[in-house]
1. Pairs under 7 Å by beta carbon, first residue in the same structural domain as P273 (by TED's automatic domain parsing) and on the phi < 0 side of the Ramachandran plot in the range 247-263, partner crowded, with 17+ Cβ neighbours inside 10 Å and not aliphatic (A, V, I, L, M), six or more apart or different chains?
2. Looking at V57 and the list (1) among the aliphatic types (A, V, I, L, M); (2) in contact with a helix residue (DSSP H, G or I) (Cβ under 8 Å, 6 or more places away or on another chain); (3) closer than 27 Å to K195 by Cβ, which single condition is not satisfied?
3. Could you tell me whether any residue of the range 40-54 is farther than 20 Å from G191 by Cα, of a type outside the set (D, E) and touching a residue at least 40 places away in the same chain (Cβ under 8 Å)?
4. From D136, D146, grab the single residue that is part of a helix (DSSP H, G or I) and either of a type in the set (D, E) or in the same structural domain as T292 (by TED's automatic domain parsing) (or both).
5. Listed residues R314, R329; which is under 27 Å from the mean Cα position of the chain (by Cα) and either charged (D, E, K, R) or within 23 Å of E243 (Cα to Cα) (or both)?
6. Give the range 125-170 a look and list any residue that's buried (at least 24 other Cβ atoms within 10 Å of the Cβ), in contact (Cβ under 8 Å) with a residue 60 or more places away in the chain and closer than 18 Å to L25 by Cβ, or say none.
7. Out of (1) without any contact (Cβ under 8 Å) to a residue 60 or more places away in the chain; (2) not in a helix (DSSP H, G or I), the odd one out for L278 is which?
Amino acid sequence: MALPNDTGRYWAGRGGDAPIRVGFLLVPNFTLIGFGSAVDPLRLANMVARRKLYDCVTLTMDGAPVRSSAGVCVQPDMAATSVSDLDAVLVIGPNPLPSAGTEVIIHWLRTLAGKGVSLGGVDTGSYFLACAGLLDGYRSTIHWEDMDALLDRFPRLVVSNKIYEVDRNRCSCSGGIAPVEMMIHLIGLGGGGHKVASSVAELLIYERRGPDERQKTSLRDVSGASHPKLVEAIKLMECNIEEPLSMEELAAHMQFSARQLERLFRDTLDCTPRQYYLQLRLERARQLLTRTNRPIADIVMACGFVSFAHFSHRYHAGFGISPSAERRRKVGEGERTAKPPA
């Protein structure tokens, strides 16, 4: 049975006994866990198959050492501009997203795409592909914290909340250990096949979830709660951030009384429903303030606050900083990140 869009052939290399040559572009401030989660499954695939299925090459644009967001410095194998014969390239994205200095990477990625190289992004790596216009017409994803920033700049992209997406010769995944799942999937598509992919998952002691799983951890796991009505209430809150429900409306949706709802939250989360709902909205506001360039006035409305004064008061009480100061700090950090190292 053929795979949809014949996806497998894009990740199978040149065929025969030649290993699939995969380049990992390490962008300054790249996420170390994302890199490790992407490269190690390929190492294990070679071990399971008892032959070199994958040849992994670490790259920076100039061949110089690069520091991860955790402060760990990595010496790459070579400069990206001097490498040839790559079958695939994965961009290991940084945290936070850069505000400048992406032009050289964008040009290089476009050159690779013109040569038919399969391309992917890990964590925020898909942002660079989007900047190069290489995700137009493809399904893609990115870490959930940066999804708004990506869609604000590229509103026509098809961006999902899945842990990874593989669409023909493009792949992308969210952060953390999500690359493990994506790479196991690619091993199954490519030279290793499903048997090798399953063995790699077992060696990593990884319970496979599949591409349809969403990025955010289930509310049941986050809260440590087992009450289905609590999970239902929180889902309703998350789906109604811009126009918050009253406690009476929330209780009515759940076929609860307001008193029952209050007791449920106090017994399980040690807070009131209003307190929990407010914190959800403030966290959403903080995400928009620090990860997007939306005007603060738009964020006030998007998070269901009646006025800037009310929003500013609540934000300062919740985080110890005003929304305006938070935005200025974000801009300052972006400018420092964009400056090349001395």
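The values are calculated or read from the model by the stated rules, or taken from the named source; none is laboratory data. Please read all numbers here as calculations on a predicted model, not as lab measurements. Note that each Cβ is placed from the backbone with ideal geometry, even for glycine, and that neighbours are counted across all protein chains shown.
1. Note: pairs meeting the criteria are M247/P273; L250/P273; L261/P273; E262/P273.
2. With respect to (1) among the aliphatic types (A, V, I, L, M); (2) in contact with a helix residue (DSSP H, G or I) (Cβ under 8 Å, 6 or more places away or on another chain); (3) closer than 27 Å to K195 by Cβ, V57 is out only on (2).
3. Of the residues in the range 40-54, the ones farther than 20 Å from G191 by Cα are none.
No, the range 40-54 contains no residue that is farther than 20 Å from G191 by Cα, of a type outside the set (D, E) and touching a residue at least 40 places away in the same chain (Cβ under 8 Å).
4. Numbers: D136 fails: part of a helix (DSSP H, G or I).
After ruling out the rest, the residue left standing is D146.
5. Details: R314 fails: under 27 Å from the mean Cα position of the chain (by Cα).
Selected residue: R329, the only one of R314, R329 that is under 27 Å from the mean Cα position of the chain (by Cα) and either charged (D, E, K, R) or within 23 Å of E243 (Cα to Cα) (or both).
6. G125, F128, H143
7. The one condition L278 does not meet is (2).
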